[in-house]
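One structure is given here, and the rest of the page talks about it.
The values are calculated or read from the model by the stated rules, or taken from the named source; none is laboratory data. Given the structure is predicted, the values throughout are model-derived calculations rather than measurements. Using ideal geometry, Cβ is built from the backbone for each residue, glycine included, and neighbour counts are taken over all protein chains shown.
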Amino acid sequence: MEIYEELKARGLIAQVTDEEEIRELVNNGKAVFYIGFDPTADSLHVGHFMALCLMKRLQMAGNRPIALIGGGTGMIGDPSGRTDMRQMMTPEMIQHNCDCFKKQMERFIEFGEGKAMMLNNAEWLLNLNYVELLREVGGCFSVNNMLRAECYKQRMEKGLSFLEFNYMIMQSYDFYHMFQTVGCNMQFGGDDQWSNMLGGTELIRKKLGKDAYAMTITLLLNSEGKKMGKTASGAVWLDPAKTSPFDFYQYWRNTGDADVLKCIRMLTFLPLEDIDAMDQWEGSQLNRAKEILAYELTKLVHGEAEAEKAQETAKRLFTGAGEAEHMPATVLADAQFDGGKIGILNLLTACGLCASNGEARRLVQQGGVTVNDKKPEVSDVFARDDFSGDGIVIKKGKKIFHRAQI
RNA sequence: GGGGGAAUUCCAGAGCGGUCAAAUGGGGCAGACUGUAAAUCUGUUGUCUACGACUUCGAUGGUUCGAAUCCAUCUUCCCCCA
C-alpha cells in the first residue's frame with residue numbers, strides 16, 4: 001500500500017486542497033512539507049506527537065520534512081480554537097521553549113543533510129518591515145474572506161485583537177517564504193489550522209502564480225468530541241519530567257472502548273492488517289487492545305525499556321500482588337516528621353496526592369485511601385520507622401499508587 | 001471620540017446590606033457497579049492546629065455596628081453610535 005493510501009486508511013487525513021496532486025507528490029517522495037509548532041510550552045505534548053508521527057511516516061516514504069518552530073509566530077499567538085486571547089509570551093520564554101522542542105523532536109525525526117530540516121520562523125519574521133510587508137503581501141489578503149474563516153468567526157463574538165488577526169498573515173508568509181527559499185511545496189497541520197494554511201497556498205498562487213498544497217491531520221478527538229491528550233491537570237506531555245512514562249502509559253491504558261481502535265490506527269506504527277483484526281474484538285477483549293496501545297505509544301515516546309517498565313508496574317499493581325519497584329515515590333525529609341511522627345493527612349499532601357489537608361481529610365473520611373492495604377483513620381500517625389525498607393505503599397482511589405520512603 | 005453594560009470560587013452562572021464560604025449546572029475527586037472502559041447512582045469540591053477559626057466575590061479607598069451587595073477612583077472586557 002502506498003503512503004497516501006495508508007494515511008487515509010489510518011484516518012489521519014482530514015482535508016486536502018488537491019487530492020490527486022498530493023497523492024502524486026507524497027507517493028513518489030517528492031513532497032517537501034512543513035508542519036509548524038508554536039512554542040507555547042517547554043515541552044511537546046500528545047497533540048504534537050501526532051504531527052511528529054506523520055512526519056516520520058512521510059519521511060520513511062522518502063519525503064522531506066521541515067519542522068518549523070514558531071519563534072516568530074509565537075510572538076503573536078494563534079487565535080484558532082481559542083475563545084480567549086493568549087497570554088503574551090516574553091521573547092526569553094519563547095526562545096527557551098524553542099530549544100526544548102528541538103531536543104524532543106530530534107528523538108523522532110532524523111535531521112541533517114538531505115534529511116529533515118528544522119527552521120525557526122523568527123529568522124525571517126522578526127526582521128520584516130511593516131510597510132514593506134503590507135505592500136508585498138497585504139493586497140493578497142481579503143479581510144472579508146478572513147473574517148469568514150472559521151477560526152475568526154468564533155472570535156467575532158468574544159472579541160479579536162488586531163494582533164491575533166495577523167496570525168494568519170504570518171503563517172501564510174512562512175509558507176510563501178519557504179516555498180521560495182527551500183522549495184517547500186506542502187503544508188500539514190491540525191484541522192484547526194485549515195484556514196491559516198489556505199492563506200498560504202492562496203498567497204503563493206497570487207504572488208508567484210504557482211501551486212502549493214495543504215493537508216490537515218484529523219484532530220484526535222474522543223467519542224465525546226473532546227480533544228485527547230488532555231487531563232484535568234493539563235496536557236499529557238512527552239517530557240518524562242512533566243508526565244512520567246508510567247502516567248503516560250496509564251493515560252492510554254484508560255482510553256475509552258469507543259476510542260481504542262481509532263487511536264491505535266492513528267498513532268501507532270502497527271501494520272494495518274493487524275489493526276483490522278483487532279477491529280473484531282469486543283467487550284473486555286478490548287482491554288488487550290488498550291494494553292497494546294499504551295505499550296506501543298510509550299515505546300515510541302520513551303523507548304522500549306521504559307515501556308516494559310510501565311507495563312510491568314501496571315500489571316503488578318492492578319492484578320493483585322502489590323510489590324512494585326517502579327511506582328512513583330516520594331522521599332520524606334526529616335523536617336516533615338514532627339517528633340519522629342507524621343500524620344496521615346500530612347503524609348498525603350507531602351506525597352503530592354492531595355493539594356491540601358482538607359482534601360486529604362475528606363479523602364480519608366470517604367474511604368478513598370489505602371495505606372499498606374489498610375484503610376486509615378484521619379487520626380492515624382506513622383512513626384519514622386514505619387518507612388524503613390521499601391517504605392509505605394499508599395493507594396489513592398483505584399488507580400493511583402505511591403510509595404513514601406525515608 | 002461619544003454613550004451604555006459587565007467583572008463572583010476550576011469553568012459557566014445566581015446572588016435581596018446582615019440568615020453568604022456564596023444557589024444551580026458542568027468539570028474534578030472519592031464510593032457503589034464493572035473490564036484499570038462507558039453509562040448510572042451516592043458523597044464531596046476555599047484554607048487551617050476543624051462542632052471552632054481564618055482568607056475570598058477585578059484593584060484601591062470610603063459609607064455602615066455590619067459590604068459580594070451602597071459610593072468614589074482606577075484596571076480590563078463587551079455592546080451601540082461615530
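Candidates A:Gly225, A:Gly159: the one that is exposed (fewer than 15 other Cβ atoms within 10 Å of the Cβ), within 23 Å of the chain's Cα centre (by Cα) and within 16 Å of RNA strand B (Cβ to nearest atom) is A:Gly225.
Evaluated against (1) over 21 Å from A:Ile109 (Cβ atoms); (2) in contact with a Leu (Cβ under 8 Å, 6 or more places away or on another chain), A:Gln250 falls short on exactly one condition, (2).
The single condition among (1) within 15 Å of RNA strand B (Cβ to nearest atom); (2) aromatic (Phe, Trp, Tyr); (3) closer than 14 Å to A:Gly11 by Cα that A:Tyr251 does not meet is (3).
Just one of the numbered conditions (1) of a type outside the set (Lys, Arg); (2) touching a strand residue (DSSP E or B) at 6+ places or on another chain (Cβ under 8 Å); (3) at pLDDT 85 or above is not true of A:Gly322: (3). The residues of the stretch A:121-145 that are assigned to a loop (DSSP other than H, G, I, E, B) and under 22 Å from A:Gly70 (Cα atoms), listed by number, are A:Asn121, A:Leu126, A:Asn127, A:Leu128, A:Asn129, A:Phe141. For the structure I just gave you, tell me whether A:Phe269 is over 20 Å from A:Leu54 (Cα atoms), in contact (Cβ under 8 Å) with a residue 12 or more places away in the chain and among the aromatic types (Phe, Trp, Tyr). No.
Let me spell it out: the conditions are (1) touching a strand residue (DSSP E or B) at 6+ places or on another chain (Cβ under 8 Å); (2) on the phi > 0 side of the Ramachandran plot, and A:Glu21 meets all of them except one. Which number is the exception? For A:Glu21, the failing item is (2). Taking first residues from the stretch A:157-185 that are closer than 26 Å to A:Met117 by Cα and partners that are more than 16 Å from RNA strand B (Cβ to nearest atom) and charged (D, E, K, R), the Cβ contacts under 6 Å between residues at least 6 apart in sequence or on separate chains come to A:Tyr167/A:Asp78. Within the stretch A:119-134, identify whether any single residue is within 16 Å of RNA strand B (Cβ to nearest atom) and either touching a residue at least 40 places away in the same chain (Cβ under 8 Å) or farther than 21 Å from A:His177 by Cβ (or both), and answer yes or no. Checked against the condition, which is being within 16 Å of RNA strand B (Cβ to nearest atom) and either touching a residue at least 40 places away in the same chain (Cβ under 8 Å) or farther than 21 Å from A:His177 by Cβ (or both), the stretch A:119-134 yields no hits at all. Inside the stretch A:243-261, residues that are of a type in the set (Ser, Thr, Tyr) and assigned to a helix (DSSP H, G or I) make up a count of 2.
For the residues A:Leu270, A:Leu261, the requirement of being surrounded by fewer than 18 Cβ atoms within 10 Å (Cβ to Cβ), at pLDDT 90 or above and more than 21 Å from A:Thr313 (Cα to Cα) singles out A:Leu270. Here the strands (runs of 3 or more DSSP E) wholly within the stretch A:271-377 that include at least 2 residues being within 9 Å of RNA strand B (Cβ to nearest atom) are A:369-371. Is there any pair with a first residue in the stretch A:343-371 that is without any contact (Cβ under 8 Å) to a residue 60 or more places away in the chain and a second that is loosely packed, with under 13 Cβ neighbours inside 10 Å and of a type in the set (Ser, Thr, Tyr) whose Cβ atoms are under 7 Å apart and which are 6 or more apart or on different chains, and what are they? From residues that are without any contact (Cβ under 8 Å) to a residue 60 or more places away in the chain, the pairs are A:Thr349/A:Ser356. Note on the stretch A:247-258: among residues that are among the hydrophobic types (A, V, I, L, M, F, W, C) and in contact with a Ser or Thr (Cβ under 6 Å, 6 or more places away or on another chain), the one that is surrounded by the most Cβ atoms within 10 Å (Cβ to Cβ) is A:Phe248. For the structure I just gave you, tell me whether A:Gly74 is modelled with pLDDT under 85 and buried (at least 21 other Cβ atoms within 10 Å of the Cβ). Judged against the criteria, A:Gly74 is a match. Residues of the stretch A:378-406 that are within 11 Å of RNA strand B (Cβ to nearest atom) and within 26 Å of A:Tyr251 (Cβ to Cβ): A:Lys395, A:Lys396, A:Gly397, A:Lys398, A:Lys399, A:Ile400, A:Phe401.
Could you tell me whether A:Lys242 is more than 15 Å from RNA strand B (Cβ to nearest atom), in contact (Cβ under 8 Å) with a residue 24 or more places away in the chain, surrounded by 13 or more Cβ atoms within 10 Å (Cβ to Cβ) and more than 18 Å from A:Ala51 (Cβ to Cβ)? Spelling it out, A:Lys242 is indeed more than 15 Å from RNA strand B (Cβ to nearest atom), in contact (Cβ under 8 Å) with a residue 24 or more places away in the chain, surrounded by 13 or more Cβ atoms within 10 Å (Cβ to Cβ) and more than 18 Å from A:Ala51 (Cβ to Cβ). If the condition is being crowded, with 19+ Cβ neighbours inside 10 Å and of a type in the set (Lys, Arg), then the stretch A:273-297 contributes only A:Lys290. Give the residue that is surrounded by the fewest Cβ atoms within 10 Å (Cβ to Cβ), with candidates limited to residues of the stretch A:353-392 that are under 18 Å from A:Arg403 (Cβ atoms) and of a type in the set (S, T, N, Q). Within the stretch A:353-392, the match that is surrounded by the fewest Cβ atoms within 10 Å (Cβ to Cβ) is A:Ser388.
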